[in-house]
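S.K.: Dropping a structure here in structure tokens format, bear with me for questions.
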Amino acid sequence: MAAVGTDWEDFPSYSDLYRGIREFLEKTYREALSEEKEIYHVESSWEYYNFSINDLLFVILLAVIWTILRYLATEGIFKPLAHHYALTPTNGAKMPESAWKFTYYLCAWSYCLYVVVLSGNYKFFQKPSTVWDNWSLRESAPADIYIMYMAQCGFYVHSLYATLFLDTWRKDSAVMMIHHILTVTLISISYSLRYHNIGSLVLFTHDLCDIFLEFTKLNVYFKIQKGKVVRRHEVFANITFFCFTVAWFVCRLYWYPMRVLYAATSDVQRLKLVLPGALLMNSLLWILQFLNLYWFLFILQFLYRVATGQVKEVDDTREYDVERKLLHHSSENGVLNGNIKTNGICDDGVISNGNASRSSRRAKDE
């Protein structure tokens, strides 16, 4: 599906993707029921299994290093910053988590951008079908991809611990644990079976969104300093949340299915490749897409609340304290609106319940 005269392959449509997945599944199950099916011997994949004990120890070491670096950055940089700018206690407690994640994802995605796109060594994004060029179980990952893989695997092992013991517990934290386990599994399997090329493309299409998300949250936390609202952070939060929404749709709901999922199904069919664990690999990639859709619902929920006037500012609706604040404001507004409408005292909706009650009594006395 290469565009004529260019180094780019055309983006398929969603119907092309659906057709490719359907044909992939039909072929997979047809071969499974056929007595003359072409078998890829599992023994050969274990013979060249490429996730050695040294790789495992390296990943564990990196997970420990990420944990130590987070602690040092939190205690030495992020908490002093929160104290210096006199953030609110709640925001000051949550800011170090976002600052750490923003720093990591910015560095990780920048390196991934260099490896996958800018280095010129690969054309995975421009021509996704090239992820299967010269694929072999005997070939190890190149050094630049190996570094990216081990660093990411170590980070998500660290994230399993961090989600349980360090991060703010949110409404989707249990789903986040599933995501981290899924990511570690995907990285491990794709590295072991030499699917590191398409795995690099998965990382490239996902980490950019996290940069915008954490930067948005940082601006939310820095919006109130020394008891005063800093308007520039409110503006930055609105701008970066818009960028985050666009990036999520483009990267995870368009680029990811059209570049990664299509290459893992239709291109495998077209190239007549016989791959070990192909169905397992695709199943994990599809689960990841379902999680992307699940989190996109939170974005749509927030946009709906903005459109209906329930929310006046950018905030993380996954957090329980934010949800309580929204419910409190909704309840308070409902009581106020009821009092104002009934008593006809005030055109201004920004009054306290006590003021409304006193005004009501004064109106009755008069």
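The values are calculated or read from the model by the stated rules, or taken from the named source; none is laboratory data. Note that the structure is predicted; figures quoted are calculated from it, not measured. Note: ideal-geometry Cβ built from the backbone for every residue, glycine included; neighbour counts use all protein chains shown. All accessible areas refer to the heavy atoms of the entire protein, side chains included, with ligands and DNA or RNA removed. Shrake-Rupley method; radii C 1.70, N 1.55, O 1.52, S 1.80 Å.
S.K.: Would you please give the residues with an amide H less than 5 Å from that of Phe222, counting only those at least 5 places away or on a separate chain, with H modeled from the backbone geometry?
M.R.: Distant-sequence amide H within range of Phe222: zero hits.
S.K.: For the stretch 203-268, give the magnitude of the charge dipole about the Cα centre (Cβ charges: +1 Lys/Arg, -1 Asp/Glu; no others), in debye to the nearest 20.
M.R.: The dipole of the stretch 203-268 has a size of about 520 debye.
S.K.: Looking at the stretch 79-170, what % of the alpha carbon pairs are farther apart than 20 Å? Working shown, then result.
M.R.: On the way: 2287 of 4186 pairs.
The answer is 55 percent, as a whole percent.
S.K.: Still on this structure: Using only the alpha-carbon atoms of the stretch 121-261 as identical scatterers, what base-10 log of I(q)/I(0) does the Debye formula give at q = 0.12, 0.18, 0.20 Å⁻¹?
M.R.: The Cα Debye sum returns log10 ratios of -0.62, -1.13, -1.26.
S.K.: Additional query: Between Val250 and Val306, what's the calculated FRET efficiency when r is the beta-carbon distance and R0 is 30 Å? Round to 0.05.
M.R.: It comes to 0.90.
S.K.: Any chance you could look up the accessible area of Tyr254 with a 1.4 Å probe, heavy atoms only, rounded to 10 Å²?
M.R.: That residue has around 70 Å² of solvent-accessible surface.
S.K.: So, one more: Rounded to the nearest 0.05, what FRET efficiency do Asn134 and Ile287 give with R0 = 30 Å and r taken as the Cβ-Cβ distance? Could you check?
M.R.: Calculated transfer efficiency: 0.60.
S.K.: Here's another thing I want to ask about it. Among the listed pairs Lys123/Lys217; Lys79/Lys228; Lys171/Lys223, which are separated by more than 25 Å between their Cα atoms?
M.R.: Lys123/Lys217
S.K.: Sum up the charges of everything whose Cβ sits under 15 Å from the Cβ of Pro128, counting Lys and Arg as +1 and Asp and Glu as -1, but leave Pro128 out.
M.R.: Here the count lands on -2.
S.K.: Ranked from the most accessible area to the least, with a 1.4 Å probe and all protein chains present, what is the order of Arg22, Arg231, Arg70?
M.R.: Listed by decreasing accessible area, they come as Arg231, Arg22, Arg70.
S.K.: Leaving out ligands, DNA and RNA but keeping every protein chain, what accessible area does Ile211 have, in Å² rounded to the nearest 10, with a 1.4 Å probe?
M.R.: The accessible area of Ile211 comes to roughly 20 Å².
S.K.: Separate question: Evaluate the distance, in nm, between pseudo-label points positioned 7 Å from the Cα of Phe165 and of Ile77 along their respective Cα→Cβ axes.
M.R.: 2.3 nm
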